[in-house]
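Quick notes on the structure that follows.
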Amino acid sequence: MRAAEKAHTHATQEALAGESIPGVLENTWRAFIEAGEAYLDEHKPEHLWAMTSQRQFDSELANTAILALGHIGNTLRKLDATRYAELSEGLQAALRAAATPGERSAALAAIGNTGDASFQSEAAKHLAARDPQERGAAAKAVGRLPGSQDVLRTALVTERDPYVRSRLAEGLVAQHETTPESLAQANRTILTESDARTRFALARYLGDHLDAFPEGRTTLARLLETESSNRIRKYVAGRIYASR
């Protein structure tokens, strides 16, 4: 669906619009059709914004529409600064106007989709939200914004919810660059981490940066001795072997 949405031709969009999609996928399909057309017509984002305003009648469609706007933002940010500035202001306003954790989570996901590092401080505020769903969405969003390693590292020190911790660790993996402090934090944390999903992400983070942080190899070897998850054991064994 996303590949078709990004085809960026009127013919593709007409073909998509002609498809009959049953059940729960219909709303997602509709929003992605609009998103594809938005690349082709500068007025089409208004259609997606209109969908987001229908939340009281159709929250699923509203959430999908704002996610699509975030994807559009990722493209506009590189191609059209004027149009992107308008869209980014709209996303920021949507986040501030969101009334529930679910609405804020959708807006945070859209902001993450833009890949715009200037959103980092705004998204990071929600790492302190009361609702773990919202904190998890903030962690994922921040993880998709460049230069967020230390924000994620700091949050990982104090966060206790397993789901949110896993999102923070996965955010570190998603970062294209790293810092000595964030690698050291992962190295200190992984052997005592009780959540398997978080351990796997931390193992990947260390495994991806063994050249920059060779101490991680010793830690991964120790993890291999006690790890109960087959997925983690397989990954760690492969990284240790490859780093010889």
Out of Leu223, Leu152, I need the residue that is within 27 Å of Ala107 (Cα to Cα) and of a type in the set (A, V, I, L, M). Which one?
Leu152
Residue satisfying condition, being in the same structural domain as Ser228 (by TED's automatic domain parsing) and closer than 24 Å to Ser59 by Cβ, within set Val157, Val164:
Val164
Pairs returned, first residue in region 175-189 that is buried (at least 18 other Cβ atoms within 10 Å of the Cβ), second residue that is outside any helix (DSSP H, G or I) and among the hydrophobic types (A, V, I, L, M, F, W, C), beta-carbon separation under 6 angstrom, 6 or more apart or interchain, are Leu183/Phe213
Enumeration of residues in region 117-149 that are under 28 Å from Lys78 (Cβ atoms) and among the polar types (S, T, N, Q):
Ser118, Gln120, Ser121, Ser148, Gln149
Are there any helices (runs of 4 or more DSSP H) wholly within region 195-244 with 1 or more residues that are under 16 Å from Gln185 (Cα atoms), and if so which?
196-208, 215-226
Collect the residues in region 63-89 that are at pLDDT 95 or above and within 21 Å of Glu134 (Cβ to Cβ), keeping them in residue-number order.
Ser88
Suppose the filter is more than 14 Å from the chain's Cα centre (by Cα), assigned by TED's automatic domain parsing to the domain that holds Leu76 and in a helix (DSSP H, G or I); does Ser118 pass it?
yes
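The values are calculated or read from the model by the stated rules, or taken from the named source; none is laboratory data. The shown structure was predicted, so the numbers you read here are calculated from the model rather than taken from an experiment. FYI the Cβ positions are ideal-geometry reconstructions off the backbone, even for glycines, and counts take in every protein chain you see.
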